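Please read the structure below before turning to the comments.
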Amino acid sequence: MSVDTDTDADEEPAGTEATAGDSDVVLEAEDLEVSYGKVTALRGLDVTVSEGEIVSLIGPNGAGKTTFCNTASGFLDYGGSVRYRGQEVARVGQTELVDRGMVHCTEQRDLFGYMDVEDNLGLGGYLRDDEVIEERKEFVYELFPRLDERREQNARSMSGGEQQMLAVGRALMGDPDLLILDEPTLGLAPVILQDIAEALAPIVERGVTVLLTEQNVTFALKHADRIYLLENGEAVREGTPDELKGDDYIRESYLGG
């Protein structure tokens with residue numbers, strides 16, 4: 001069942017205002033259910049992401065991590081509730097979510113391969129004014145000097161790691177309040193993985209909250225403030241990195257004992 005978006009014109013839609021004391025909650029899912037036909041991808045999922053946090057969803061391929069990102073971004077119908085800044089995402093719409101500061105860097109990267117770095121970055125800031133675009137561009141080049149060196153290089157001729165930097169950089173051009181990074185380290189060489197890791201702290205320091213999905217549990221444990229372990233669409237563990245490092249199931253199943 002999807003959220004009903006029809007409301008009376010004279011009534012305030014339920015769930016459109018954050019409740020008192022919840023002003024620091026950026027993204028919140030309650031009893032979230034998502035299905036693809038007869039296949040249930042998320043079931044009864046509760047997730048909270050608060051201001052200034054890096055929250056990571058970890059788990060194997062098919063656990064529901066990407067489905068959660070796509071649902072939070074307004075791409076999928078759902079049951080239960082998922083709210084951005086107190087407003088039900090199904091009632092806000094994808095374009096409005098981006099305008100309000102939710103930016104999603106997908107696992108597929110979705111770059112324009114025939115365009116160079118400068119043009120790809122420019123497209124990421126299309127909703128922002130020229131001053132913001134230029135400021136954000138310089139920030140991206142500071143984070144990823146390789147992109148600065150390749151400003152005129154077409155995206156399709158770049159390495160996979162450089163394309164991932166560009167995808168993250170383009171997302172940052174949208175001046176995000178909430179940055180959703182779906183599997184940003186997947187398939188990356190260790191040196192590029194380190195570049196991505198080192199970019200997280202400066203991003204958060206600029207007031208950006210981060211939702212990170214990862215199959216690389218070790219990476220998540222090093223860089224997230226809180227972690228949810230998803231298996232078969234359900235959260236089976238939740239806690240801080242220190243709490244989960246001491247969990248026998250996490251150690252045996254995901255950290256090699």
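Criterion applied to SER2, SER56, SER35, SER23 was being out of contact with any Pro (no Cβ under 8 Å at 6 or more places or on another chain), at pLDDT 95 or above, of a type outside the set (D, E, K, R) and over 26 Å from VAL217 (Cβ atoms), and the one residue passing it is SER35. Restricting VAL92, VAL82 to those that are aliphatic (A, V, I, L, M) and at pLDDT below 95 reduces the list to VAL92.
Considering the range 34-58 alone, what residues qualify as being touching a Ser or Thr at 6+ places or on another chain (Cβ under 7 Å) and either among the aromatic types (Phe, Trp, Tyr) or farther than 13 Å from CYS69 by Cα (or both)? Result: GLU51, GLY52, GLU53. Of the set (1) under 20 Å from ASP99 (Cβ atoms); (2) surrounded by fewer than 20 Cβ atoms within 10 Å (Cβ to Cβ); (3) in contact with a helix residue (DSSP H, G or I) (Cβ under 8 Å, 6 or more places away or on another chain), all apply to GLY174 but (2). So for the range 150-162 (the condition being in contact with a helix residue (DSSP H, G or I) (Cβ under 6 Å, 6 or more places away or on another chain) and closer than 27 Å to THR71 by Cα), does at least one residue qualify? Yes, the range 150-162 contains a residue that is in contact with a helix residue (DSSP H, G or I) (Cβ under 6 Å, 6 or more places away or on another chain) and closer than 27 Å to THR71 by Cα. Only a single item in (1) closer than 23 Å to THR218 by Cα; (2) modelled with pLDDT of 90 or more; (3) of a type in the set (Asp, Glu) is not met by GLU107, and it is number (2).
Applying the set (1) surrounded by 21 or more Cβ atoms within 10 Å (Cβ to Cβ); (2) touching a strand residue (DSSP E or B) at 6+ places or on another chain (Cβ under 9 Å); (3) not basic (Lys, Arg) to LEU166 leaves exactly one unmet item: (2). Quick check on the range 120-129. Is at least one of its residues surrounded by fewer than 14 Cβ atoms within 10 Å (Cβ to Cβ) and either farther than 23 Å from VAL210 by Cβ or at pLDDT 90 or above (or both)? For the range 120-129, residues surrounded by fewer than 14 Cβ atoms within 10 Å (Cβ to Cβ) and either farther than 23 Å from VAL210 by Cβ or at pLDDT 90 or above (or both): present.
Name the single residue, out of those in the range 76-100 being surrounded by fewer than 18 Cβ atoms within 10 Å (Cβ to Cβ) and either of a type in the set (Phe, Trp, Tyr) or touching a Lys or Arg at 6+ places or on another chain (Cβ under 9 Å) (or both), that is farthest from LEU32 (Cα to Cα). Looking at the filtered set, the residue picked out is ARG100.
For the range 56-70, residues that are surrounded by 22 or more Cβ atoms within 10 Å (Cβ to Cβ) and either under 12 Å from the mean Cα position of the chain (by Cα) or in a helix (DSSP H, G or I) (or both) total 6. Scanning the range 170-204 for residues that are within 23 Å of ASP129 (Cα to Cα) and either of a type in the set (Phe, Trp, Tyr) or touching a strand residue (DSSP E or B) at 6+ places or on another chain (Cβ under 9 Å) (or both) yields a count of 13.
Every condition in (1) surrounded by fewer than 18 Cβ atoms within 10 Å (Cβ to Cβ); (2) within 27 Å of VAL132 (Cα to Cα); (3) hydroxyl-bearing (Ser, Thr, Tyr); (4) modelled with pLDDT of 95 or more holds for THR40 except the one numbered (2).
Restricting attention to the range 183-203, the residues that are closer than 13 Å to PHE139 by Cα and among the β-branched types (Val, Ile, Thr) total 1.
The values are calculated or read from the model by the stated rules, or taken from the named source; none is laboratory data. A quick note: this is a predicted structure, and the numbers were derived from the prediction, not measured. All Cβ positions, even for glycine, are placed from backbone atoms using ideal geometry, and neighbour counts span all protein chains on display.
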